[in-house]
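The values are calculated or read from the model by the stated rules, or taken from the named source; none is laboratory data. Since we're looking at a predicted model, the values are computed, not measured. Every residue, glycine among them, receives a Cβ derived from its backbone with ideal geometry; neighbour counts consider all protein chains shown. Please note that ligands, DNA and RNA were not included when accessible areas were found on the heavy atoms of the full protein model with its side chains. Shrake-Rupley method; radii C 1.70, N 1.55, O 1.52, S 1.80 Å.
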Amino acid sequence: LDFARAEHAAGRAVLIDIREPDEHARGVAAGARLLPMRQLSTRLAEIPTDPKQPVLLICNTQNRSSATLRALGERGGYTNVRFVEGGMSEWARRGWPMVKPGL
């Protein structure tokens with residue numbers, strides 16, 4: 001989680017929040033892209049495939065993001081994607097900055 005936050009804050013990684021809108025409303029990491037897991041199949045083009053561009057998937061814990069990572073791996077072409085261990089629940093527990101969606 002520390003690595004994910006540092007990479008995102010430095011602009012070196014794209015952080016994609018795959019939680020649902022009602023979860024986003026409770027707060028997201030500033031600058032995270034919101035892409036609910038259930039919309040993934042119709043919005044795959046929004047996930048960078050450039051091997052030089054790190055992508056970090058985050059959900060509430062890590063169950064959905066790890067499952068999404070496996071699904072992307074099966075599709076092929078997503079070589080620099082990881083999931084964030086602990087998810088937004090751990091992010092919030094640590095008191096790290098969160099904003100309302102759209103800010």
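Each row is one residue, and each column tells you yes or no for (1) at negative phi; (2) at pLDDT 95 or above.
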| site | (1), (2) |
| --- | --- |
| D50 | yes, no |
| L57 | yes, yes |
| S66 | yes, yes |
| G76 | no, no |
| R82 | yes, yes |
| M88 | yes, yes |
| K100 | yes, no |
Helices (runs of 4 or more DSSP H) completely within the chain that count 3 or more residues being free of Cβ contacts under 8 Å to residues at least 40 places away in the same chain: 2-9, 63-75, 87-93
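Which one of A10, A71, A32, A45 is over 14 Å from the mean Cα position of the chain (by Cα), open to solvent by 10 Å² or more (accessible area, probe 1.4 Å) and within 20 Å of V99 (Cα to Cα)? Step through it out loud before you land on a result.
Details: A71 fails: within 20 Å of V99 (Cα to Cα); A32 fails: over 14 Å from the mean Cα position of the chain (by Cα); A45 fails: within 20 Å of V99 (Cα to Cα).
Every option except A10 fails the conditions.
Scan segment 13-22 for residues that are open to solvent by 60 Å² or more (accessible area, probe 1.4 Å) and either touching a strand residue (DSSP E or B) at 6+ places or on another chain (Cβ under 9 Å) or under 12 Å from M88 (Cβ atoms) (or both) and jot them down.
Within segment 13-22, the first condition is being open to solvent by 60 Å² or more (accessible area, probe 1.4 Å), and the residues that meet it are 21-22.
Of everything in segment 13-22, just one residue is open to solvent by 60 Å² or more (accessible area, probe 1.4 Å) and either touching a strand residue (DSSP E or B) at 6+ places or on another chain (Cβ under 9 Å) or under 12 Å from M88 (Cβ atoms) (or both), namely P21.
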